[in-house]
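Please read through the structure below; I'll follow up with questions.
The values are calculated or read from the model by the stated rules, or taken from the named source; none is laboratory data. Bear in mind that the values here come from a model prediction, so they are computed numbers and not experimental data. Cβ atoms come from the backbone with ideal geometry, glycine included; neighbour counts cover every protein chain shown.
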Amino acid sequence: MYLIHGQAKWNRKKNILNYALFVSFFPTITSGPIQRARKMLPQIRKRTMPNFREVEEAVFVFLWGAFLKMIIADRIAIFTDAVYLNMSTYGGAILILCALMYSLQIYADFSGYSYMAIAVAKLFGFHLDENFHQPYLAGTIADFWRRWHISLTSWFTEYLYIPLGGNRRGKARKYFNILIVFLVSGFWHGVGLQYIVWGGIHAVFQIVGHITGAFREKMNHRIGIRTKTVGHRIWQRVFVFLIVSFAWIFFRASSVSTALEFIKQMFTVWNPWTLFDGTVFAIGLSAKEWNVLVPALGVLVAASHTREQGKSVKNIVSQNPACKILLLVGMIMVLVIYGIWGGGYSASSFIYAGF
């Protein structure tokens, strides 16, 4: 205990025991959110226990994370895995649907894990930073990375982008630094070339966005496009979602050649009627499973919109006890019935556990 309370030994830079204590924090040890010693070690030293309200928040956050993982991500995984396993047998409409669904899968999978990790940490009295903030509501690629895996983005910014010079050495150097950061990010996820391509796609679109920003603003003004309208914001978000979904193809594929073949078949073998003739129900998920998945995605969209408006779990725990009990029981029943009994949940199948 002297490690915790002894001032003489509380040197976070040199004490190996402090470091071991920090890196062995089990809720975040496999997939994050990535923590900073300067934020975690003082909390370890302080040893603050959660109050009842914080416990309530932690329970609801954990259940939300489990909902994302067990009800949404694991169901989508059955469909996307089946398509990628036999992609040569499906037309472009199915492959496009698969690419879009994988975007939702990886978000539900990883953010679900992050929410559960944050909740478990809160139950022990530790406060972790948010790791996702509605990334698919981003209006630019740069905005996407301010919302997606926030802890990794801030880590690369602090330990790679800024040491490389950041944006302090001119625009050319800034764009070069952005390219390096995203290529390293791709390499961090795996040694395959497909991860490098994934990172490169994000780098290129972010750099192009910076370069063309002033020109696009001038053109919008000249042709009378009002960028503050709801319609324009929706278009921006749809465009970013499509670009991100395209990049995820390389992230999901086993190789660059597989990803290129997937993309080629998306546009050369086209039969949109396969989305309506029952073919979708024969790929991994039955119609009954889709009847669970589609409403669950509706809940995700509604929750994302609510959180984007600044509302959070604190609004839930501020309700009267009867409402909270009903919601708690309802969430548990949904997880048990559709997640455990009717789902393919496996704790070993977290996507980011492999990185």
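Need the failing condition index for PHE267 against (1) at pLDDT 95 or above; (2) under 28 Å from ASN86 (Cα atoms), just the number.
Going through (1) at pLDDT 95 or above; (2) under 28 Å from ASN86 (Cα atoms) one by one, PHE267 breaks only (1).
Which is loosely packed, with under 15 Cβ neighbours inside 10 Å and among the basic types (Lys, Arg), of ARG237, ARG226, ARG307?
ARG226
When PHE22 is evaluated against the numbered criteria (1) in a helix (DSSP H, G or I); (2) touching an Asp or Glu at 6+ places or on another chain (Cβ under 9 Å); (3) more than 24 Å from THR258 (Cβ to Cβ); (4) not hydroxyl-bearing (Ser, Thr, Tyr), which criterion, by number, is the only one it fails?
(2)
What are the residue pairs meeting all of these: first residue in segment 276-304, first residue closer than 25 Å to TYR136 by Cα, second residue in a helix (DSSP H, G or I) and among the polar types (S, T, N, Q), Cβ atoms under 8 Å, and 6 or more apart or on different chains?
VAL280/THR274
Return the pairs, sorted by first residue and then second, in which the second residue is in a helix (DSSP H, G or I), the first residue lies in segment 150-175 and is hydrophobic (A, V, I, L, M, F, W, C), the beta carbons are less than 6 Å apart, and the residues are 6+ apart or on different chains.
Pairs that qualify, where the first residue is hydrophobic (A, V, I, L, M, F, W, C) and the partner is in a helix (DSSP H, G or I), are PHE156/VAL181; LEU160/VAL181; LEU164/ASN177.
Now a separate question. Across segment 84-94, what is the number of residues that are part of a helix (DSSP H, G or I), touching a residue at least 40 places away in the same chain (Cβ under 8 Å) and surrounded by fewer than 22 Cβ atoms within 10 Å (Cβ to Cβ)?
5
From the list ILE178, ILE207, which one is of a type in the set (Val, Ile, Thr), more than 23 Å from ARG38 (Cβ to Cβ) and within 21 Å of the chain's Cα centre (by Cα)?
That would be ILE178, the only listed residue that is of a type in the set (Val, Ile, Thr), more than 23 Å from ARG38 (Cβ to Cβ) and within 21 Å of the chain's Cα centre (by Cα).
Considering only residues that are touching a residue at least 24 places away in the same chain (Cβ under 8 Å) and touching a Leu at 6+ places or on another chain (Cβ under 9 Å), look in segment 251-266 and name the one that is farthest from TYR107 (Cα to Cα).
Selected residue: GLN265.
Looking at (1) in contact (Cβ under 8 Å) with a residue 24 or more places away in the chain; (2) of a type outside the set (A, V, I, L, M); (3) closer than 13 Å to GLY125 by Cβ; (4) part of a helix (DSSP H, G or I), which is the one condition that is false for PRO42?
In the conditions (1) in contact (Cβ under 8 Å) with a residue 24 or more places away in the chain; (2) of a type outside the set (A, V, I, L, M); (3) closer than 13 Å to GLY125 by Cβ; (4) part of a helix (DSSP H, G or I), PRO42 misses (1) alone.
Considering each of PHE182, PHE144 in turn, give the residue that is at pLDDT 95 or above, in contact with a Pro (Cβ under 9 Å, 6 or more places away or on another chain) and within 26 Å of ILE29 (Cα to Cα).
Exactly one residue qualifies, and that residue is PHE144.
A further question follows. Being under 16 Å from the mean Cα position of the chain (by Cα) and at pLDDT below 90 is the filter; apply it to segment 32-83 and report the residue that is surrounded by the most Cβ atoms within 10 Å (Cβ to Cβ).
PRO33
Another question, if that's okay. What about ILE4, is it at pLDDT 80 or above, over 30 Å from LYS324 (Cβ atoms) and either of a type in the set (Phe, Trp, Tyr) or surrounded by 13 or more Cβ atoms within 10 Å (Cβ to Cβ) (or both)?
When the stated conditions are applied, ILE4 does not pass them.
State whether the residues of segment 101-120 include one that is out of contact with any helix residue (DSSP H, G or I) (no Cβ under 7 Å at 6 or more places or on another chain), over 26 Å from PHE25 (Cα atoms) and part of a helix (DSSP H, G or I).
Within segment 101-120, not a single residue is out of contact with any helix residue (DSSP H, G or I) (no Cβ under 7 Å at 6 or more places or on another chain), over 26 Å from PHE25 (Cα atoms) and part of a helix (DSSP H, G or I).
Another question, if that's okay. Output the number of residues of segment 320-350 satisfying the condition of being at pLDDT below 80 and part of a helix (DSSP H, G or I).
Selection size over segment 320-350: 4.
Let me ask something else. Could you grab me the full set of residues in segment 176-204 that are more than 18 Å from PHE246 (Cα to Cα), in a helix (DSSP H, G or I) and free of Cβ contacts under 8 Å to residues at least 40 places away in the same chain?
PHE176, ASN177, ILE178, LEU179, ILE180, VAL181, VAL184, PHE187
To continue, here is another question. Limited to segment 150-176, what total is found for residues that are surrounded by fewer than 12 Cβ atoms within 10 Å (Cβ to Cβ) and either of a type outside the set (Phe, Trp, Tyr) or within 26 Å of ALA214 (Cβ to Cβ) (or both)?
So the answer is 6.
Another question, then. Every residue in segment 262-291 that is assigned to a loop (DSSP other than H, G, I, E, B), surrounded by 15 or more Cβ atoms within 10 Å (Cβ to Cβ) and not small (Gly, Ala, Ser), please.
Hits for segment 262-291 are VAL269, THR279, ILE283, LEU285.
Sticking with this one: Residues that are surrounded by fewer than 21 Cβ atoms within 10 Å (Cβ to Cβ) and among the acidic types (Asp, Glu): does segment 122-129 have at least one?
Within segment 122-129 (the criterion being surrounded by fewer than 21 Cβ atoms within 10 Å (Cβ to Cβ) and among the acidic types (Asp, Glu)), the answer is yes, since at least one residue qualifies.
Can I ask one more? Identify the single condition in (1) in a helix (DSSP H, G or I); (2) surrounded by 14 or more Cβ atoms within 10 Å (Cβ to Cβ) that ILE211 does not satisfy, given that it satisfies every other one.
It is condition (2) that ILE211 fails.
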